[in-house]
Structures are given as structure tokens and as C-alpha cells.
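Colleague: Input: one structure, supplied below.
The values are calculated or read from the model by the stated rules, or taken from the named source; none is laboratory data. What you are looking at is a predicted structure, and each value in this text was computed from that prediction instead of being measured. Cβ coordinates were reconstructed from backbone atoms using ideal geometry, including for glycine residues, and neighbour counts include every protein chain displayed. The accessibility values were calculated without ligands, DNA or RNA, using every heavy atom of the protein model including side chains. Shrake-Rupley method; radii C 1.70, N 1.55, O 1.52, S 1.80 Å.
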Amino acid sequence: LKVDRCLWLEAGDSPDVFVLPYDYTTAGMPSIVGRWFELTACRVEDAAQRRVAVLFRDVTERRAQVEERERVLAAEREARAEAERVGRMKDEFLATLSHELRTPLNAMLGWTLLLRGGQLEPQKAADGLAVIERNARNQAQLIDDLLDMSRIISGRMALDMKAMSLAPALRAALDVVRPAAEAKGVQLLEALPPEGGAVRGDSGRLQQVFWNLLSNAVKFTPKGGHVGITLEETAGKVIVSVVDSGQGIGPEFLPHVFERFRQEDASITRKHGGLGLGLAIVKHIVELHGGEVRAESEGEGFGATFRVTLPAARSEEPMGDDEAAAPVRPPPAPAAAVETRLEGVRVLVVDDDGDAREVLQ
């Protein structure tokens, strides 16, 4: 019995026993309101008056101890479930990481052995070198993501903040993903002003954000689909939206889409590769710029929208140069047609790996 409204009781012989006459009157008893009691009642009849004896035993403290014990047990169960979930995520991540690193490694080792055999035709040898280069760049990108996540966790991700225009950075990101989109048959759409989107930020890191969002959209959009990017300015904010007609995001996974190591399909037999770090890195970089990123989707098969909101730069702040237009990720391919002369240049190479020293030399 939890007492919310009390009756005025007539004290009996024992301090724990109260006598409740049939013709009682109600009155407030604030000293016991909100407390818990065990209640025992029995009918008492004597020659003078028919009465009911009621025994109230205050069990508030005992009940509080029970509730606290239940709360602690529930918290322990929740912590244990969370620890098990994190453990499973780590196991899945290690399995995914091993798979993602070994797959390009197998291709590189295989083609290296074929090239060393010296039996390949010139065109086939050139194809093999292209495969080795492409897979090495994929592996380097995975490692860059791991290093970025390490910087985020340790709080060592530094930004070179300056006033800049987002439009060139967005076009540069589009140029980076355009070959992959064309090879897959995905149409790229843009609604970008010639100049605009004045923000204060790190041009390289912001381009990394939009390159990541665009490449993700292309990855999850089937042939014949489209990926669009728009830029809007409103109420002191700059909003960039990346919209695709791809597979979409299920409602169960949508709240977790920016968590690191989380993937909707984390099995090594999944259709799309990756470590599940890209969107976590995107979220952290955007937040370091004082902005926010949101994911929206009506469900699987209905595409997805990622919307980045950044605070606009003050109008009196001068814009930086157009270095944002230079691709940052993935690393640009070496320009074989450009010859660099190094006569007379002395270079000291320091590296603890002999192979690395030899390549640089």
C-alpha cells in the first residue's frame, strides 16, 4: 500500500496499531504520505462497539533497498549486454578488416608473381600493373581511415581553419567520384552556384567529408540510378545535401548509421566493401566545424539523403584561395607525363624499412 491520501486514525494501545471506526472522518497526514506500508486489518467486535483494527508496518526503506537492488541489477544487465555488443562489433570489425586488407593483397601478390615470371604480353603486363596500383591505393585508403579514427579517438585531429567557399570543394569532390560513377552507370547531378557557401573550415577535411558522402552514394546506387548534390544558404547556415536513388537505409539501422564500425551488413560475404568508418569520420569532422550531419531515408529501396549543415562565415572575412578545388582523397595518381628533374638536389632519406628506402632512392 502506497499512501497517497490518508485517513485520520484513532490510536490504539500499540504504537503500530490504529483503530479505524466505521464513522471515520478524513484528514491529511503528511508525515506518511508517499511512504510504503504493509497493511494488516481485522475486524474487532466487543460489546461496546464494532471496530476494525489496522496494522501499518512502514516498509519504505526496505522497498527502497529492493528498488535500488533492481535498478543496479538492471544497470548491470544493460552494461553486460552493451559489453557483449561491443565485443561482437570488435570481432566483426577484425574479421572485416582482415578480409578488406587481404583481398587487395591477394591481387597484388598474384600479379607480382605473374610479372616476375616474365611470360606476360606487354598489354597484359600493363593491366597487371594497373591492378596492383589500384589495389594498393584501396589498401592505403583503408589505412588512412584507420589513422583518422585513431586521431579522432585520441583527440589529435587538427584542422587548418580559414574562410573558404564550399562550391569549389564540392566540384572537386564530384570530379574525384565521377570516374567511378561513370564506370558503374550512375548519373551525377549537381545544383551548385558558381561561387557560394562561404564557411570557415579546413578545405581538405571538408572535401574529405563530401568525397566520402558522394562515394558512399555511388557505391550503394545501382546502375541507372542517380546521385545529386545541392548547396543552399539560409539563416546564417550553409546546407549541403547528397541525395541518391540507391538501396536506402532500414529504419532499425538509421539511428546507428554514424557509429564507428557499424555496418548494416557486417558479414564478410556482404555485397559492398568497407570498414564502416567513413560516416563516423564524416560526423566527427563536421562537428569539429561546428556543424551537424543527418541521414534520412524512407526505408530500403527508397534511397537516402545526407544533409550537412555548417555555420556560414562572416561576410567581412576574406575568402581563401582556391586550394579547396585540389583533390585530397583519394591520393591523386602520379602524373607520368610530367618529368621532374632532380639533378643537383641532395635528399636525405630516413626510414627504418629497407624496401621503403630503396623505393624512395
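Colleague: What is the magnitude of the charge dipole of region 172-241 about its Cα centre, with +1 placed on the Cβ of each Lys and Arg, -1 on the Cβ of each Asp and Glu, and no other charges, expressed in debye to the nearest 20?
Modeller: The calculation lands at about 300 debye.
Colleague: Continuing with this model, one more query. Highest mean first, how do 78-86, 90-98 rank when packing is the count of other Cβ atoms within 10 Å averaged over residues?
Modeller: Listed from highest to lowest mean packing, they are 90-98, 78-86.
Colleague: Order the peptides 64-71, 172-179, 243-250 from the highest to the lowest mean number of other Cβ atoms within 10 Å of their residues.
Modeller: 243-250, 172-179, 64-71
Colleague: Calculate what fraction, in whole %, of the accessible area of region 178-241 sits on carbon and sulfur atoms when a 1.4 Å probe is rolled over the protein chains.
Modeller: With neighbouring chains kept in place, the figure for region 178-241 is 55 percent.
Colleague: Holding the Cα-Cα limit at 25 Å, pick out from LYS162/LYS237; LYS219/LYS283; LYS124/LYS219; LYS162/LYS184 the pairs that are longer than that.
Modeller: Where the Cα-Cα span goes over 25 Å, the pairs concerned are LYS124/LYS219; LYS162/LYS184.
Colleague: So how much slack lies between ARG80 and LEU159, counting 0.36 nm per residue of separation and subtracting their Cα-Cα distance, in nm?
Modeller: Extending this stretch completely gives an extra 24.7 nm.
Colleague: In nm, to one decimal, how far is the ARG69 label point from the LEU342 one, both placed 7 Å along Cα→Cβ?
Modeller: 7.5
Colleague: In nanometres, what is the gap between the two model label sites at ALA183 and GLU233, each 7 Å from Cα along Cα-to-Cβ?
Modeller: 3.7
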